[in-house]
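The values are calculated or read from the model by the stated rules, or taken from the named source; none is laboratory data. Note that this is a predicted model, so its numbers are computed, not measured. Cβ atoms come from the backbone with ideal geometry, glycine included; neighbour counts cover every protein chain shown.
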Amino acid sequence: MSRIVDEFMAKIIAKNPGEVEYHQAVKEVAEVVLPFVEENPKYKKAKILERIAEPERVIMFRVPWVNDIGEIQINRGFRIEMNSAIGPYKGGLRFHPTVYLGILKFLAFEQVFKNSLTTLPMGGGKGGSDFDPKGKSDDEVMRFCQSFMAELSRHIGPDTDVPAGDIGVGGREIGYMFGMYKKLRNEFTGVLTGKGLEWGGSLIRPEATGYGTVYFAEHMLGTRGDSFKGKTVLVSGSGNVAQYATEKVNQLGGKVVTLSDSSGFIYDPDGIDAEKLEFVMHLKNVKRGRIKEYADKYGCQFIEGKRPWGIKADVALPCATQNEVNAEEAKVMMQNGVYCIAEGANMPSTNDAIDIYLEHKILYGPGKAANAGGVSVSGLEMSQNSLRLQWTREEVDERLFKIMSDIHDTCVKFGKDGDFINYVRGANIGGFVKVADAMLAQGVV
Ligand code: NDP
């Protein structure tokens, strides 16, 4: 089998040179799905995985804008429309200086499987720019978003492609982009998700990815008759996903002892309770400051330039970015007794780190399953927009909980291996089958 995977990967690498994150994401899927395809000749003959790994469309464009001191700036914008077999393209926009084709193609590829797992009718896409919102004024962010949308608006629409937020794109950026789309198209539609509550947004959308990740982890713990109650939890990141993961862990009786940003991490052995979390939310969402200020305020440790995986704990929730846990760090976590890892971020663990989790047979929920709550509530936002209705907080939260529970069931169905549940296998095959069957039905398009 490894020969088949190697041959498949050789073609992917030749066709997508230098896009290392894309190679990594495809390899993780190919190792599980290609053996399954060998057992199911209908998928093999139709070359389904080969077709999924080739984006339906890649859009790349210039984004010129003028900064506050009158200088012209030029960024690059992207949208990867990866797969529309089961619904309109759906996936976030990332604004971060590291953004290039390889990052967005990995994210769009993951999104295809993730969206399939949610049970909702959404295809996969992803986009963004190498623009860095950090240190920019609100006016600069607005001018950038308007220029970005001036081009992107030609390619998206509520039945075609519906972007959302991701790293560097929150409520402020979605607002500026929605405003520009509406002006250009003269349409008030659900073309973006993550909108403000007064103009088409859904309750629970900001919370959805973090809450969903914790619901998924609670289900994993449940398979061992366990729960978050009394558990010590490591969280990385301090943005949208990390904040609401922390909130939900607190509600379920666990204790979060770390948060991080790209400068380092804070370790608060007393736990980041509701009051301290409020400080973090204000610091990150309003002041746009650094996590170090938490350590200064609460008198705990700030460990500069490091990630939190060396701290003793029961559960880890990586919620910052890709490849933030390597094999060495995975080994340290295993030695320290971490036995449940649910990924709020996309592809935070390297493939070598994942091998270590699987060797140790811990509860490991890969991002495409564990963090699907965000896109699920985006899907619910689309439904509410189409119905011209707004559901209550309780109703959306109940639906989110049910979707995370269904995703967990799918992973168990396809990933059960004796007493062990291989969630990597479960998520990849569970996500693949629905898209593959739709592609078979729709012919070679
Ligand atoms: P935010 O921009 O709100 O927060 C990102 C956090 O991660 C910040 O604390 C940031 O620190 C940190 N971070 C970003 N890049 C790096 C890096 N290279 N090294 C170390 N830390 C870094 O983003 P989100 O919380 O929305 O997204 C976090 C992760 O969750 C991403 O992987 C995203 O793809 C994934 N995700 C998000 C969803 C959503 O609904 N928002 C849905 C599903 C997945 P700093 O401020 O220093 O950059």
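A single entry from Glu198, Glu207 fulfils the requirement of being within 13 Å of the ligand (Cβ to nearest atom), out of contact with any Ser or Thr (no Cβ under 8 Å at 6 or more places or on another chain) and of a type in the set (Asp, Glu): Glu207. For the range 83-99, the candidate set comprises residues that are assigned to a strand (DSSP E or B) and in contact with a Lys or Arg (Cβ under 7 Å, 6 or more places away or on another chain); within that set, the residue that is farthest from the ligand (Cβ to nearest atom) is Gly91. Quick check on the range 363-402: of everything there that is touching a helix residue (DSSP H, G or I) at 6+ places or on another chain (Cβ under 7 Å) and among the β-branched types (Val, Ile, Thr), which residue is nearest to Gly91 (Cα to Cα)? Looking at the filtered set, the residue picked out is Val375.
Phe36 - would you say it is closer than 23 Å to Asp355 by Cα, more than 21 Å from the chain's Cα centre (by Cα) and in contact (Cβ under 8 Å) with a residue 60 or more places away in the chain? It would help to see each step written out before you state the result.
Details: closer than 23 Å to Asp355 by Cα: yes; more than 21 Å from the chain's Cα centre (by Cα): yes; in contact (Cβ under 8 Å) with a residue 60 or more places away in the chain: yes.
Judged against the criteria, Phe36 is a match.
Output the residues belonging to the range 136-171 that are within 16 Å of the ligand (Cβ to nearest atom), within 17 Å of Arg76 (Cα to Cα) and of a type in the set (A, V, I, L, M, F, W, C). Listed by number, the residues that qualify are Val141, Phe144, Cys145, Ile167, Val169.
Look at the range 229-242: where a residue is more than 17 Å from Gly264 (Cα to Cα) and assigned to a loop (DSSP other than H, G, I, E, B) and a partner is at pLDDT 95 or above and of a type in the set (Val, Ile, Thr), sitting 6+ places away or on another chain with Cβ atoms under 9 Å, you get Lys231/Val249; Lys231/Val315. Answer yes if at least one residue in the range 131-145 is within 20 Å of Pro97 (Cβ to Cβ), in contact with a His (Cβ under 9 Å, 6 or more places away or on another chain) and buried (at least 17 other Cβ atoms within 10 Å of the Cβ), and no otherwise. Yes, the conditions are met somewhere in the range 131-145. Scan the range 296-318 for residues that are among the small types (Gly, Ala, Ser) and either closer than 16 Å to Lys231 by Cβ or touching a strand residue (DSSP E or B) at 6+ places or on another chain (Cβ under 6 Å) (or both) and the total you get is 3. Could you list all residues from the range 172-223 that are in a helix (DSSP H, G or I) and of a type in the set (Phe, Trp, Tyr)? Those that are in a helix (DSSP H, G or I) and of a type in the set (Phe, Trp, Tyr): Tyr176, Phe178, Tyr181, Trp199, Tyr211, Tyr215, Phe216.
Is one or more of the residues making up the range 254-261 part of a strand (DSSP E or B) and more than 16 Å from the ligand (Cβ to nearest atom)? Please lay out each step first, then the result.
The initial filter retains those residues of the range 254-261 that are part of a strand (DSSP E or B), namely 255-261.
Remaining after also requiring more than 16 Å from the ligand (Cβ to nearest atom): 255, 257.
The answer is yes, given that some residue of the range 254-261 is part of a strand (DSSP E or B) and more than 16 Å from the ligand (Cβ to nearest atom).
Restricting attention to the range 210-245, the residues that are more than 10 Å from the ligand (Cβ to nearest atom) and at positive phi total 2. Among residues of the range 312-332 that are within 11 Å of the ligand (Cβ to nearest atom), those with a Cβ under 6 angstrom from a residue that is part of a loop (DSSP other than H, G, I, E, B) and acidic (Asp, Glu), sequence gap 6+ or separate chain, pair up as Pro318/Glu324; Pro318/Glu343.
A single member of Gly264, Gly230, Gly254, Gly239 is modelled with pLDDT of 95 or more, within 18 Å of Tyr298 (Cβ to Cβ) and small (Gly, Ala, Ser), and it is Gly264.
Residue pairs whose Cβ atoms lie under 6 Å apart, separated by 6 or more positions or on different chains, with the first residue in the range 196-219 and closer than 21 Å to Ala369 by Cβ and the second acidic (Asp, Glu) and surrounded by fewer than 23 Cβ atoms within 10 Å (Cβ to Cβ), are Ile204/Asp397. The residues on offer are Lys413, Lys361, and the sole one that is of a type in the set (Lys, Arg), touching a strand residue (DSSP E or B) at 6+ places or on another chain (Cβ under 8 Å) and either away from the ligand (no atom under 16 Å from the Cβ) or in contact (Cβ under 8 Å) with a residue 40 or more places away in the chain (or both) is Lys361.
Go through the range 135-157 and give me each residue that's hydroxyl-bearing (Ser, Thr, Tyr) and within 19 Å of Ile80 (Cβ to Cβ). First the steps, then the outcome.
Kept after step one, since they are hydroxyl-bearing (Ser, Thr, Tyr), are these residues of the range 135-157: 137, 147, 153.
Selection gives Ser153 alone.
Taking the criterion of being exposed (fewer than 15 other Cβ atoms within 10 Å of the Cβ) and in a loop (DSSP other than H, G, I, E, B), the residues of the range 262-288 that qualify are Ser262, Ser263, Pro269, Asp270, Asp273, Lys287, Arg288. Is there any pair with a first residue in the range 92-112 that is closer than 16 Å to Cys145 by Cα and a second that is part of a strand (DSSP E or B) and among the aromatic types (Phe, Trp, Tyr) whose Cβ atoms are under 6 Å apart and which are 6 or more apart or on different chains, and what are they? Short answer, once both residue conditions are applied: none.
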